[in-house]
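To start, the structure under review is shown below, and the notes come after it.
Rule-based calculations on the coordinates, nothing more; no lab input. Given the structure is predicted, the values throughout are model-derived calculations rather than measurements. A quick note on method: Cβ atoms are made from the backbone with ideal geometry, for glycine too, and the neighbour counts reach across all protein chains shown.
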Amino acid sequence: MRCGALPIASWGERQWAVGRYSVADIHLFRLYWRFNAARKPAPGAFPHLSAHHDRMLARPAVERTIRAEAAIGYELPA
């Protein structure tokens, strides 16, 4: 099994990493965000992780955090 398949092997139809939104989703989001920026996987290579990433970006708290980090000069992945 490829390393990238591990977090999604049992994802099923869940929207969040452990069934409901939790700190695990925050960590998974940051991990995938950096992985995606560094490794640039082919579109569709990780559909569940990509969908999770999009759901996280749509959360108001995530939007506020990204703006706040950018304002203080934190270098964010593209």
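I'd like the full set of residues that are free of Cβ contacts under 8 Å to residues at least 40 places away in the same chain and under 14 Å from the mean Cα position of the chain (by Cα), limited to region 45-60.
Of everything in region 45-60, those that are free of Cβ contacts under 8 Å to residues at least 40 places away in the same chain and under 14 Å from the mean Cα position of the chain (by Cα) turn out to be P47, S50, A51, H52, H53, D54, M56, L57, A58, R59.
How many of the residues making up region 25-78 are closer than 26 Å to G12 by Cα, of a type outside the set (D, E, K, R) and surrounded by 12 or more Cβ atoms within 10 Å (Cβ to Cβ)?
20
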